[in-house]
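The values are calculated or read from the model by the stated rules, or taken from the named source; none is laboratory data. Since the model is a prediction, treat every value here as computed from it, not as a measurement. Note that we place each Cβ from the backbone using ideal geometry, even for glycine, and neighbour counts take in every protein chain shown. What goes into the accessible areas is simple: the full protein's heavy atoms, side chains included, and nothing from ligands, DNA or RNA. Shrake-Rupley method; radii C 1.70, N 1.55, O 1.52, S 1.80 Å.
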Amino acid sequence: MRPILLIFSLFCASCLTINAQTNTWTGAGANTNWNTVANWSLNAVPTATNDVIIPTGHTVTMNVAGTMKSISVQGNSTLNILNALTFTNASSFAKGTTIVWSGGGFYGGGVLTNNGTLNMTTSATKYIADGTIVNNNSLINMNGSFTLYINSGSINNQNSGIIDIQARPNLAPNTGQSHQITNSGIIKKTGDTGAATISVAMINTGAINVDSGILNLTSEAKTFDGGEYNVTTDATLNLSTAISLSGTMTGLVNGDLNWNSVLTVADEATFNFTGTSGINWVDGFLDGGGVLNNISRMNLITRNTKYIRGFTILNNTGLLNLSDSFTLYINAGTLRNLSTGIIDIQALPHLALNTGEAHSIVNAGLIKKTTNTGVATISMALINTGTISV
Amino acid sequence: MGTLKFSGEAKTFDGGIYNVTAGNTLDMSTEINLSKTMTGLVNGNLNWNSKILVAKTAVFQFTGSAGINWVDGFLEGGGILTNMTKLNMITSNTKYITTNLVAKSHC
């Protein structure tokens, strides 16, 4: 029995050695290329069984696709990624490292933690696939106008994480399930005055800042669970897809924060923005059956028809500017202008019923008709205990 | 400024303040259920064009130079509408009272 156990133990030890074999970058080769065998401690290009370590003080160029068990880039090293980087286990870019991701993608299904600076450059398409997760604790600069396809996987921008969109990328879904960006840190649009797009699903509890240009949130649905939304003068944040709201949305809005699609409030949500602009309801629906509280400034603009439906309630204790000649249909729902609320009818809107039950405007605040000399109409049910001024 | 028109579905005025500046118009062109006291500064056109329903009691107590214009329609509901302000019955349109209108001041 003992000899059998001994052989079995040796076999297992051998397996462990193979499975956990570390291949460390030495940089002893003639160049910095990944596929130069002399650059590696095992004198071989890493394989799927290797834990790859790039110690401090090196520059490494992934001139070919690389497959490994894990990768750890350490110290002040630089890794240039031009091709597919495939890893299955937990991997990391340490604080102080610089990663230049100009092509290829992250594959393999591992979890990559970025504590360094990850620069996404060039217009080459990039991928996150196979269920790979990128946790960003530090800085991701999107310097190029590329498409990043998140086929199956996610980017989790953690509390300390910053994603700085400096160009015009499109962060897009492709195929596969469970692809999304979650943000509890900061996503900011800076630099380029053009439009960047996030079309993949997103869950935001952090800050989204548009300091320059346009950030379009399109296609797949987004979730805003509170969060901060800052838009500087001449910049635009377009909410052009279905967004589920909860919690309190704050932020300094001096530019255009445009609601262009469906906002769904299942329970309760609050707009509490500061700044000169407020949120612009350009087009679309308020839906979900919950309560949206507006305690800041909301501008109903353009002639696009707008809807409150699904027994949803819009509570206004701030300012609703009805600035254009649209129709607002309250199919099933209520617009409540509470005691401190002001509805300023500046143009010739029509507040109307369409279909559905229990639709009304309840005014305990101030409804005033200003600015335009034409006729504005309220044809849906109105209950007034407040002030109506023409 | 301009005209604000109430039309379509019935409205309920449970008291409230109604201000109309000179040259401007608030048109009540649909059924309105009145209760409590309606106040406000009316120097423009506050037009009653349809049906006013008073189930219990309601009071008109506007200030300003214009008062309220009964242009057309009905006073109904079985209650008492007390006018303590200026109520102008204008145009040749037929008007109907099927409830109680009490004049306490201008009428």
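Which links in A:Lys126/A:Lys306; A:Lys189/A:Lys368; A:Lys369/B:Lys11; A:Lys306/B:Lys51 stretch past 26 Å when you go from one Cα to the other? Please report the intermediate quantities before stating the final value.
Numbers: A:Lys126/A:Lys306 38 Å; A:Lys189/A:Lys368 38 Å; A:Lys369/B:Lys11 18 Å; A:Lys306/B:Lys51 30 Å.
Going by Cα-Cα distance, A:Lys126/A:Lys306; A:Lys189/A:Lys368; A:Lys306/B:Lys51 fall outside the 26 Å limit.
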Scoring chain A by relative contact order with C-alpha pairs under 8 Å, at least six apart, yields a percentage of 6
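Taking a 1.4 Å probe, which of B:Ile32, B:Ile17 shows the most accessible area, and what order do the others take after it? Write out the running numbers ahead of the final one.
Numbers: B:Ile32 0, B:Ile17 65 Å².
Greatest to least solvent exposure: B:Ile17, B:Ile32.
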Ignoring ligands and nucleic acids, chains A and B bury, in total, an accessible area (1.4 Å probe) to the nearest 100 Å² of about 1900
Comparing A:Val291, A:Val64, A:Val231 in a Gaussian network model of chain A (Cα, 10 Å), the one with the largest mean-square fluctuation is A:Val64
Here the residues of segment B:1-43 lying in the modelled label zone of B:Lys56, meaning backbone nitrogen under 13 Å from a point 7 Å along Cα-to-Cβ, are B:14-15, B:34-37
Answer in debye to the nearest 20: the dipole magnitude of chain A about its Cα centre, from +1 Lys/Arg and -1 Asp/Glu charges placed on Cβ, is 240
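Quick one: putting +1 on the C-beta of Lys and Arg, -1 on the C-beta of Asp and Glu, what dipole do you get for segment A:184-299 around its Cα centre, in Debye to the nearest 20? Present the calculation step by step, with values, prior to reporting the outcome.
On the way: 4 positive and 11 negative charges, 26 e Å.
Roughly 120 debye, rounded to the nearest 20.
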Extension length gain for A:Thr193 and A:Ala221 (0.36 nm per residue less Cα distance), in nm, is 7.6 nm
Dividing the surface of the Cα convex hull of segment A:316-383 by four yields a projected area in nm² of 4.0
Relative to chain A, whose Cα atoms define the longest principal axis, helix A:2-19 and its Cα axis are tilted in degrees, nearest 10, by 60
A student applying the Cα gyration tensor rule (rounded when a/c is under 1.5; otherwise prolate if a/b is larger than b/c, oblate if not) would label segment A:226-331 oblate
Semi-axes in Å, largest first, for chain B (Cα gyration tensor, √(5λ)) are 19, 15, 14
Rounded to the nearest 10 Å², the 1.4 Å probe accessible area of B:Tyr96 is 110
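Could you tell me the relative contact order of segment B:1-87? Use alpha-carbon pairs under 8 Å, at least six residues apart, and round to a whole percent.
Values: 261 pairs, mean separation 21.8, N = 87.
25 percent.
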Over all viewing directions the Cα convex hull of the protein assembly as shown casts an average projected area in nm² of 30.9
Between the modelled labels at A:Ser339 and A:Ala65 (7 Å from Cα along Cα→Cβ) the distance in nm is 6.8
Counting other chain Cβ atoms within 10 Å of each Cβ in B:11-18 and taking the mean gives 6
Per the C-alpha gyration tensor (a ≥ b ≥ c, the square roots of its eigenvalues), segment A:63-175 is rounded if a/c is under 1.5, else prolate if a/b beats b/c, else oblate; here it's rounded
Expressed as a percent, the accessible surface of the protein assembly as shown that is carbon or sulfur, using a 1.4 Å probe and the full set of protein chains, is 53
Between the modelled labels at A:Ala124 and A:Thr305 (7 Å from Cα along Cα→Cβ) the distance in nm is 4.9
Of the candidates A:Ser296, A:Thr317, A:Leu335, the farthest towards the positive dipole end of segment A:219-354 (Lys/Arg Cβ +1, Asp/Glu Cβ -1, centred on the Cα centre) is A:Leu335
Whole-Å distance linking the alpha carbon centroid of segment A:171-227 with that of segment A:111-136 is 15
Two pseudo-spin positions, 7 Å from Cα along C-beta at A:Thr26 and at A:Val375, lie apart in nanometres by 9.0
Computed for segment B:5-87: size of charge dipole around the Cα centre, +1 on C-beta of each Lys and Arg, -1 on C-beta of each Asp and Glu, debye to nearest 20, value 180
Note to self: with every protein chain in place and a 1.4 Å probe, segment A:248-390 gives an accessible area per residue in Å² of 34
Once phi for every residue in segment A:220-236 is put through the Karplus expression 6.51 cos²θ - 1.76 cosθ + 1.60 (θ = phi - 60°), the whole-Hz ³J(HN,Hα) values, with Gly and Pro written as x, are 5, 5, 10, 10, 10, 9, x, x, 10, 10, 10, 10, 7, 3, 6, 9, 9
